[in-house]
Every structure is written in C-alpha cells, then in structure tokens.
C-alpha cells in the first residue's frame with residue numbers, strides 16, 4: 001500500500017514538473033515571438049514615417065485627454081498643464097525654413113540679415129525665400145523687396161506705424177484692404193508671407209505709376225507730393241546695394257552705415273541702380289557701396305517710427 005502511495009506521489013510530481021516545464025517553454029517562446037514582433041514593427045515603422053507620426057499623434061491625444069480629464073478632479077503640475085494645452089499642429093503655423101534648404105545666395109543674405117537685425121535665421125530664411133519667389137514672379141528684384149522690409153520694419157512682422165502701416169513691408173492696410181481679401185481679410189497683414197505678396201504688388205504699382213524706381217519708392221512712402229522724403233529713397237537703395245553685394249558673395253560689415261538724419265525704423269548707405277528684370281541672377285553691387293566699411297559684429301539698433309514721418313498715400 002505504501003508503495004502505491006509513493007508511486008502516485010512520484011507520478012503527480014512528474015506531471016507537475018512537466019506542466020511547469022511546458023509553461024516555461026511556452027512563456028519563453030511567447031516572449032521571443034513578442035520581441036521578434038516588436039523588432040519587425042520598429043523596422044516597418046522606420047520605413048513608414050507617416051504611420052509613425054499618426055501613432056505618435058494618437059498617443060499624444062490620448063495623453064492630452066487623460067490630462068484634461070484629471071484637471072477636473074485634481075490640480076495638475078506645470079508639465080501636465082502644458083501637456084493639456086498641447087497642439088501638435090502648431091508647427092504648421094510657423095513661418096520658418098532651415099537655411100540648408102535655401103540657395104547659396106538666399107542663405108548668404110539670410111545669415112547677414114539675421115546677424116545685422118538680431119533676428120532668428122529660420123524665419124528670416126523663409127521670408128528671403130518668399131521675396132525671391134514673389135519678386136521673380138512680379139519682376140521686382142528680391143534685394144529691393146528685402147531692403148524695403150529692412151527700412152520699413154526692421155523685419156518685425158508685427159510693426160505698425162502711427163499712420164496705420166502694418167507688417168513687414170508696412171502696407172497701409174486700410175488703403176489696400178481689397179488686396180488682403182484673397183488671403184482672408186485685413187488681419188492677414190500680420191502674416192509675413194501674405195504681407196510680402198501684397199507689399200511687392202503695391203511696390204510694383206508705385207514704380208509703374210512713377211515711371212522710375214526712385215519715384216516709385218517716394219510714392220510707396222507717401223512722399224510723392226512732398227518736397228523731400230527725409231532720405232527714405234537713399235536709405236532703401238543703400239540697403240539694397242549691401243544686399244546685392246552679400247548675395248553675390250561679397251563681404252559687408254554688419255554695421256555698414258546708411259545715410260544719416262532719417263527717422264525710420266532701421267539704419268543702413270550707398271546708392272543703387274533701378275530695379276532690374278530678373279533672370280535668375282543677382283545684379284552687381286551698386287556703385288558707391290564700400291566693401292571696406294568698418295567691420296563690427298554689432299548690428300545697428302532699430303529706431304522707432306518718426307512722428308513726422310510723411311503720411312503715406314499709396315502704401316507702407
């Protein structure tokens with residue numbers, strides 16, 4: 001009888017050991033299979049960035065929903081509050097372009113402007129890119145477009161003068177409100193790329209109306225019927241000369257001077273020829289631009305708009 005009991009216990013122990021060993025083998029194989037699936041999934045997603053972005057967006061949305069739900073029952077820390085306010089699509093509203101995506105001319109101009117005006121190169125790069133694109137389409141030299149921005153706003157897309165000129169190119173929004181309708185309304189004046197498009201159109205109209213570049217700039221600043229423009233034309237043409245020089249590979253000091261006695265936003269000198277038709281190249285530097293200007297890495301400080309700035313007739 002004792003022998004039978006012993007045999008039964010031995011069989012039970014063997015069966016239990018077999019079950020445990022089977023479970024170990026199955027678990028080991030399952031974990032190996034799971035790891036293999038994970039590796040395959042990672043390799044697959046690496047080749048499908050759009051799927052990966054979708055999964056990341058869904059995960060972030062889930063985390064945001066959880067953080068929002070928790071805010072109803074408990075106080076969140078700063079990191080959780082920020083997560084609850086997260087907008088993955090916010091990047092789509094940013095006006096910026098990596099300098100590496102620009103042409104060599106555009107990149108040179110971008111970096112010079114960024115250092116001269118103490119602004120970030122990425123948003124300036126996108127603005128430079130747009131000036132090249134719109135300028136070529138409308139037959140206005142990109143360096144002239146950028147020079148107008150420099151003197152008008154110092155590359156501040158939210159600038160506004162005392163007479164209501166707004167944005168990068170200081171277009172008179174109330175005068176040219178019709179041109180902004182195609183872009184959703186007058187507030188589009190503060191979108192940098194829209195302001196460039198409208199501003200270049202207004203500038204071209206002014207040049208056509210005056211019959212010359214200098215006359216067009218006087219129209220643009222609203223000084224066409226005044227005895228003087230307070231040096232505005234000379235200042236724009238001087239800055240254009242510098243930009244041409246930079247775009248053609250020349251060296252221009254960051255603090256290169258402009259004609260004095262002009263109370264505008266910015267500071268820059270020289271003289272440049274009339275705007276030339278674009279064929280993909282950049283015109284040579286304007287006469288009077290000195291490549292040996294004093295070298296300094298200190299950008300000139302923008303000045304506030306003058307209270308006695310000419311009332312604009314057509315633009316800016």
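The values are calculated or read from the model by the stated rules, or taken from the named source; none is laboratory data. A quick note: this is a predicted structure, and the numbers were derived from the prediction, not measured. Every residue, glycine among them, receives a Cβ derived from its backbone with ideal geometry; neighbour counts consider all protein chains shown.
Just give me the residues in the stretch 139-156 being buried (at least 22 other Cβ atoms within 10 Å of the Cβ) and either outside any helix (DSSP H, G or I) or without any contact (Cβ under 8 Å) to a residue 12 or more places away in the chain (or both), in sequence order. Full working, then the answer.
Applying the first criterion (buried (at least 22 other Cβ atoms within 10 Å of the Cβ)) to the stretch 139-156 yields 140-155.
Those that are buried (at least 22 other Cβ atoms within 10 Å of the Cβ) and either outside any helix (DSSP H, G or I) or without any contact (Cβ under 8 Å) to a residue 12 or more places away in the chain (or both): 140, 141, 154, 155.
Let's see how each residue does on (1) in contact with a helix residue (DSSP H, G or I) (Cβ under 6 Å, 6 or more places away or on another chain); (2) over 22 Å from residue 255 (Cβ atoms); (3) assigned by TED's automatic domain parsing to the domain that holds residue 254:
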| position | (1), (2), (3) |
| --- | --- |
| 101 | no, yes, yes |
| 110 | yes, no, yes |
| 120 | no, no, yes |
| 131 | yes, yes, yes |
| 134 | yes, yes, yes |
| 147 | yes, no, yes |
| 155 | yes, no, yes |
| 191 | no, yes, yes |
| 194 | yes, yes, yes |
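Considering the stretch 234-251 alone, what residues qualify as being in a loop (DSSP other than H, G, I, E, B) and either at negative phi or outside the structural domain of residue 116 (by TED's automatic domain parsing) (or both)? Write out each step before concluding.
Start the filter on the stretch 234-251 by keeping residues that are in a loop (DSSP other than H, G, I, E, B), which leaves 248-251.
Within the stretch 234-251, 248, 250, 251 meet the criteria.
Can you tell me which residues in the stretch 158-173 are in contact with a helix residue (DSSP H, G or I) (Cβ under 6 Å, 6 or more places away or on another chain) and either assigned to a helix (DSSP H, G or I) or touching a residue at least 40 places away in the same chain (Cβ under 8 Å) (or both)?
Within the stretch 158-173, 159, 168, 169, 170, 171 meet the criteria.
This table checks each residue for (1) free of Cβ contacts under 8 Å to residues at least 24 places away in the same chain; (2) in contact with a strand residue (DSSP E or B) (Cβ under 8 Å, 6 or more places away or on another chain); (3) closer than 22 Å to residue 234 by Cα; (4) surrounded by fewer than 18 Cβ atoms within 10 Å (Cβ to Cβ).
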position	(1), (2), (3), (4)
175	no, no, no, yes
190	no, yes, no, yes
200	no, no, yes, no
212	no, no, yes, yes
216	yes, no, yes, no
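Which residues, counting only those in the stretch 193-233, are part of a loop (DSSP other than H, G, I, E, B) and under 24 Å from residue 137 (Cβ atoms)? Quick ask: steps written out before the conclusion?
Here is the first cut: in the stretch 193-233, the ones part of a loop (DSSP other than H, G, I, E, B) are 211-212, 222-231.
Across the stretch 193-233, the qualifying residues are 211, 212.
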